[in-house]
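Peer 1: One structure follows; several queries about it will come next.
The values are calculated or read from the model by the stated rules, or taken from the named source; none is laboratory data. These figures come from a predicted structure and were not determined experimentally. Positions of Cβ are backbone-derived with ideal geometry, glycine not excepted, and every protein chain shown enters the neighbour counts.
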Amino acid sequence: MTDFHEEEDLGKDYDRRLMGRFLGYVRPYLSLVGLAFLLMAARIGFELIGPLIFMKAVDGPLASGDTEGLLRYAGLFGIVVLGTGLFEFLYSWTTNYVGQNIILDLRMQLFTHLQRLSVAFFDRNPVGRLMVRVTSDVENLNELFTSGLVEFAADLVMLFGVVAMMFYTNAKLAALMLAFSPLILLATYLFRNVARNRYREMRTKIARLNSYLNESVNGMRTIQTFGREQACLDRFRGLNGEHRDSSIAAAFAYSVFYPGLECLFALSVALIVWVGGYAILDGGLTVGAFMAFWYYTHKFTMPIREIAEKYNILQAAMASSERVFKILDTPPDVRTHPDALPAPTLRGEVEFDDVSFSYDGKTPVLQNLSFRIEPGKSLAIVGLTGAGKSTIINLLMRFYDPVGGAVRVDGRDVREYDLASLRRHLGLVLQDVFLFAGTIEENIRLGEKSIDRARVEDSARAVNADRFISRLPKGFESNVLERGAALSTGERQLLSFARALAFDPRILVLDEATSSVDGQTERLIQDGLLRLMKGRTSLVIAHRLSTIQHADRILVLHHGKVREEGRHEELVKLDGMYRKLYQLQFHPIEAPGAAT
Amino acid sequence: MGRTGAGKSSIVQLLLRHYKLADGMLFVDGRDVNTIPLAQLRGAIGTVPQDLFLFSDKLRANIAFGGRNGVADDAIARAAEISRLAADLEQFPDRLDQMIGERGVTLSGGQKQRTALARAVVREPKILVLDDALSAVDSHTEREIQERLRVFMKGRTTIVITHRLSAITDADLILVLEEGRIVEQGRHAELASAGGPYAALWKSQKLSEELARS
């Protein structure tokens, strides 16, 4: 079954395994993380010293009227405030620096892995889902680092620091304050549980709303065709309302928790004023110490609050990390064998030896298919739709691996070659030419640095692509997706020939386009194609008369098996399937405009 | 019928008024489509488009989508029967309550097309438009569907866009389009013997069917 509910799993409890794996990404930055912790400790230290200086100032110079001493303490206090600010700045800069670098590393790893995954993976996974993995899920992992790891530690240190300082200023008051902490902890615990569920629900609702919106926009034509706008609006209203209600419910938890915490806090403060006030009157407590303590009580609730709140962020980040790791753990179906050999040079011999294949494991597409192409020779494959022609290309390119038998290049099983180095020798030209955003030149070179401008131009010239390119407003610099440079089908094909030639492949794999082009372009394509194939081993799914006439050998494929084999003239004479196919696909005698 | 890009699907888009067209080019029941309220126009038409779209919902809900609010269970069952989706229900553990994944990923191409056909049929349309609607359905099932549609479509208008000419041999009128123009029109028997593009295509399709069977 598919995992179309996957997006709804948005909250996950702390998972040691996931955290451990995540820590692996932090390791390269350990020294910086260490620095961040030091900076954090320094910041907290400065923050906690402030009240002590205050206490000394009140109890010392202020009580005795020593203005000079007061000024000294004021200066000291100023330094502490500045120091807190400075360390806060350095700390926050460092953690973000590390966090962003972790994101960068993860995205690189994800993208690299996606490029390695086989075609079948992309058949199963919609583009939208993969986009979310690489963008927002990775972003959530940054939260796991900043909120989850560093801030959490900072809050804990702060909490312990405050308690320590409380005991330092006045043990009796500190014990009193701590007596309140079970209540505070209980309230926090309850809040955490309620908020977790509400928060999780809220995220589920927004995910549902998003996916419904996404689906509706995609299917808008269908909705309008069937006049179902009202029904869809009602459904949307329902989902929208659920989201609102769950958001309000989540907000309710927060709006009870914070004032509640404030209340508890106010109660404890009242108690401290009462007990502390008596202590001052008794002489057991100085006014300065009382004020410092007052300040610490304020600092006491802050980290508790933060920890409770961060728990939710942590959950979302955990769920995201699990999904990201799941992609990283998907092994590619087609893999380079551990002891694979690089293919530095090839003669270009191609052999299919008893190859069988099925996409779904049930319907056979190729059955015990065998054929061989000598280096530098060309083989044209013809057959009806569904005969298995494209599958041959998919197997030779190793987009899929055969179920039975072997595909060999230069006598060696393609699975024994290093995948990248094998594909470097294979030039693939498909029916639908995919153009990337960029210039003509970039589309020919495809980012390969070793191909210089001269080679780009030579390749274009060799396959007759230079004529239309020179007519474009900016020639090779023209942007292919811009208006005014929109390429026709024929021009796209010529461009793809130039692209293939620039890479100078040993073996050319070509799926000829069926779409018709005007007579002049057709001649340019035919001529360009012959020049492209010259001296290379070529495997062509043929749709052009000139291609089958020039092919060294023709393979007639039927239901995944070789039906007939030979040269054009021989096969025509044979008066079998080829002859009929030829009439059907290449030689519509009756009316030239009617071939399908 | 006509080649890819001849303008076949555009006719459907204009009929449904997905695109605006100048006054007085397209008439339904003698009325300019621009003067017919959109809801009424689209309410009378059931389509199975080439690039059909299913929702990630139950099969039942996807079929009921075609009807007005509150489609009865037996109407859904009947539509599933006409479209021969019923024949495949055994494969689904939850039968009509089967959830289909994002854009129908759990269904085969033919099952998707038959679901979309059931959705159009449940609408009880005055005009049924089949735009290459059974291309992924095997020829045996296609014949079964055609037999059932023949009964269902009595008294209704059917517009069929197809590449398989065998599916339209009994049509009242066949239009052959080329680059947005009608180049031939008539009934199958007339066109098949006229020696034009239709006749050539008919001949080559018979040949390729013969080949496929061999």
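Peer 1: Looking at the stretch A:378-398 only, could you name the residues that are over 22 Å from A:L545 (Cβ atoms) and of a type in the set (A, V, I, L, M)?
Peer 2: A:L395, A:L396, A:M397
Peer 1: Of the residues that make up the stretch A:288-311, is at least one more than 24 Å from A:C263 (Cα to Cα) and among the β-branched types (V, I, T)?
Peer 2: no
Peer 1: Only one residue in A:R506, A:R544 is among the charged types (D, E, K, R) and over 38 Å from the mean Cα position of the chain (by Cα), so which one is that? Can you show your working first?
Peer 2: Values: A:R506 fails: over 38 Å from the mean Cα position of the chain (by Cα).
Selected residue: A:R544, the only one of A:R506, A:R544 that is among the charged types (D, E, K, R) and over 38 Å from the mean Cα position of the chain (by Cα).
Peer 1: Sort through A:Y73, A:Y29 and tell me the only one that's touching a Phe, Trp or Tyr at 6+ places or on another chain (Cβ under 9 Å), in contact (Cβ under 8 Å) with a residue 12 or more places away in the chain and farther than 22 Å from A:I280 by Cβ.
Peer 2: Details: A:Y73 fails: farther than 22 Å from A:I280 by Cβ.
The conditions single out A:Y29.
Peer 1: Quick check, is B:A194 within 11 Å of chain A (Cβ to nearest Cβ) and in a loop (DSSP other than H, G, I, E, B)?
Peer 2: Here the answer is yes, as B:A194 does meet what is asked.
Peer 1: Here is a list of conditions, (1) without any contact (Cβ under 8 Å) to a residue 24 or more places away in the chain; (2) crowded, with 17+ Cβ neighbours inside 10 Å, and B:Q185 meets all of them except one; can you say which number that is?
Peer 2: Among (1) without any contact (Cβ under 8 Å) to a residue 24 or more places away in the chain; (2) crowded, with 17+ Cβ neighbours inside 10 Å, the lone unmet condition for B:Q185 is (2).
Peer 1: Now a separate question. Exactly one of (1) assigned to a loop (DSSP other than H, G, I, E, B); (2) buried (at least 19 other Cβ atoms within 10 Å of the Cβ); (3) not hydroxyl-bearing (S, T, Y) is unmet by A:L428. Its number?
Peer 2: The failed condition is (1).
Peer 1: Being acidic (D, E) and assigned to a helix (DSSP H, G or I) is the filter here, so list the residues in the stretch A:435-461 that pass it. Full working, then the answer.
Peer 2: Kept after step one, since they are acidic (D, E), are these residues of the stretch A:435-461: A:441-442, A:448, A:452, A:457-458.
A:E441, A:E442, A:E457, A:D458, listed by residue number.
Peer 1: Separate question: I want to confirm something. Restricting to the stretch B:43-56 and keeping residues that are more than 9 Å from chain A (Cβ to nearest Cβ) and not in a strand (DSSP E or B), which single residue is modelled with the highest pLDDT?
Peer 2: Residue satisfying both the conditions and the ranking: B:A44.
Peer 1: Something else: I'd like to verify a number: residues in the stretch A:278-301 that are out of contact with any helix residue (DSSP H, G or I) (no Cβ under 7 Å at 6 or more places or on another chain) and surrounded by fewer than 18 Cβ atoms within 10 Å (Cβ to Cβ), how many?
Peer 2: Final tally of qualifying residues: 7.
Peer 1: Going through the stretch B:153-185 one residue at a time, which ones are within 20 Å of B:V28 (Cβ to Cβ), part of a loop (DSSP other than H, G, I, E, B) and of a type outside the set (A, V, I, L, M, F, W, C)?
Peer 2: Result: B:K154, B:G155, B:R156, B:D172.
Peer 1: Does A:L159 satisfy the condition of being at pLDDT 85 or above, out of contact with any Lys or Arg (no Cβ under 7 Å at 6 or more places or on another chain), in a helix (DSSP H, G or I) and more than 30 Å from A:I307 (Cα to Cα)? Don't jump to the end; show me each part of the working.
Peer 2: Values: at pLDDT 85 or above: yes; out of contact with any Lys or Arg (no Cβ under 7 Å at 6 or more places or on another chain): yes; in a helix (DSSP H, G or I): yes; more than 30 Å from A:I307 (Cα to Cα): no.
It is false that A:L159 is at pLDDT 85 or above, out of contact with any Lys or Arg (no Cβ under 7 Å at 6 or more places or on another chain), in a helix (DSSP H, G or I) and more than 30 Å from A:I307 (Cα to Cα).
Peer 1: Could you identify the single residue in A:T222, A:T297 that is hydroxyl-bearing (S, T, Y), within 14 Å of another protein chain (Cβ to nearest Cβ) and either farther than 30 Å from A:V58 by Cα or not in a loop (DSSP other than H, G, I, E, B) (or both)?
Peer 2: The conditions single out A:T222.
Peer 1: If you don't mind, there's one more thing I want to ask. Just to be sure I understand, how many residues within the stretch B:10-30 are on the phi < 0 side of the Ramachandran plot and either part of a strand (DSSP E or B) or more than 13 Å from chain A (Cβ to nearest Cβ) (or both)?
Peer 2: 10
Peer 1: Specify which of the listed residues (A:L190, A:L130, A:L185) is modelled with pLDDT under 85 and over 30 Å from A:A253 (Cα atoms).
Peer 2: A:L130
Peer 1: Every residue in the stretch B:71-103 that is more than 22 Å from the chain's Cα centre (by Cα), small (G, A, S) and more than 10 Å from chain A (Cβ to nearest Cβ), please.
Peer 2: Hit for the stretch B:71-103 is B:A72, nothing else.
Peer 1: Let me ask something else. Would you be able to tell me the number of residues in the stretch B:108-152 that are away from chain A (no Cβ under 12 Å) and part of a loop (DSSP other than H, G, I, E, B)?
Peer 2: 6
Peer 1: Okay, next question. Select from the stretch A:378-390 the residues that are modelled with pLDDT under 90 and more than 14 Å from chain B (Cβ to nearest Cβ) and write down the one among them that is farthest from the chain's Cα centre (by Cα).
Peer 2: It comes out as A:K389.
Peer 1: A follow-up question, please. Looking at the stretch B:63-74, which of its residues are under 16 Å from B:A116 (Cβ atoms) and small (G, A, S)?
Peer 2: Just the residues of the stretch B:63-74 that are under 16 Å from B:A116 (Cβ atoms), to begin with: B:63-67, B:71.
B:A64, B:G66, B:G67, listed by residue number.
Peer 1: Condition first: touching a Pro at 6+ places or on another chain (Cβ under 7 Å) and either surrounded by fewer than 21 Cβ atoms within 10 Å (Cβ to Cβ) or farther than 28 Å from B:L26 by Cβ (or both). Now tell me which residues in the stretch B:41-83 satisfy that.
Peer 2: B:A44
Peer 1: Also, quick follow-up: Looking at the stretch A:528-553, which of its residues are crowded, with 18+ Cβ neighbours inside 10 Å and in contact with a His (Cβ under 6 Å, 6 or more places away or on another chain)?
Peer 2: A:I548
Peer 1: Moving on to the next point. Having 1 or more residues that are touching a Gly at 6+ places or on another chain (Cβ under 9 Å) is the bar; report the helices (runs of 4 or more DSSP H) wholly within the stretch A:485-589 that clear it.
Peer 2: Correct list: A:489-502, A:519-533, A:568-574, A:577-581.
Peer 1: For the stretch B:189-198, what are the residues that are surrounded by fewer than 18 Cβ atoms within 10 Å (Cβ to Cβ) and either under 16 Å from B:A6 (Cβ atoms) or not hydroxyl-bearing (S, T, Y) (or both)?
Peer 2: Of everything in the stretch B:189-198, those that are surrounded by fewer than 18 Cβ atoms within 10 Å (Cβ to Cβ) and either under 16 Å from B:A6 (Cβ atoms) or not hydroxyl-bearing (S, T, Y) (or both) turn out to be B:A189, B:E190, B:A194, B:G195.
Peer 1: Mind listing whichever residues of the stretch A:462-481 are on the phi < 0 side of the Ramachandran plot, surrounded by fewer than 17 Cβ atoms within 10 Å (Cβ to Cβ) and either of a type in the set (V, I, T) or outside any loop (DSSP other than H, G, I, E, B) (or both)?
Peer 2: Matches in the stretch A:462-481: A:R467, A:S470, A:R471, A:E477.
Peer 1: Let me ask another. Could you look through the stretch B:31-40, keep only residues that are in a helix (DSSP H, G or I) and surrounded by 15 or more Cβ atoms within 10 Å (Cβ to Cβ), and pick out the one that is farthest from the other protein chains (Cβ to nearest Cβ)?
Peer 2: The qualifying residue farthest from the other protein chains (Cβ to nearest Cβ) is B:N34.
Peer 1: Taking the options A:I393, A:I313, A:I307, name whichever one is within 29 Å of the chain's Cα centre (by Cα), part of a helix (DSSP H, G or I), surrounded by fewer than 19 Cβ atoms within 10 Å (Cβ to Cβ) and of a type in the set (V, I, T).
Peer 2: Result: A:I313 is the single residue among A:I393, A:I313, A:I307 that is within 29 Å of the chain's Cα centre (by Cα), part of a helix (DSSP H, G or I), surrounded by fewer than 19 Cβ atoms within 10 Å (Cβ to Cβ) and of a type in the set (V, I, T).
Peer 1: Scan the stretch A:241-252 residue by residue and report those that are surrounded by 15 or more Cβ atoms within 10 Å (Cβ to Cβ) and either within 31 Å of the chain's Cα centre (by Cα) or modelled with pLDDT of 90 or more (or both).
Peer 2: Answer for the stretch A:241-252, where residues must be surrounded by 15 or more Cβ atoms within 10 Å (Cβ to Cβ) and either within 31 Å of the chain's Cα centre (by Cα) or modelled with pLDDT of 90 or more (or both): A:E242, A:H243, A:S246, A:S247, A:A250.
Peer 1: List the residue pairs whose Cβ atoms are under 9 Å apart, where the first residue sits in the stretch A:257-277 and is surrounded by 15 or more Cβ atoms within 10 Å (Cβ to Cβ), the second is outside any helix (DSSP H, G or I), and the two are 6 or more positions apart or on different chains.
Peer 2: Final answer for the pair search is A:G276/A:N170; A:G276/A:L285.
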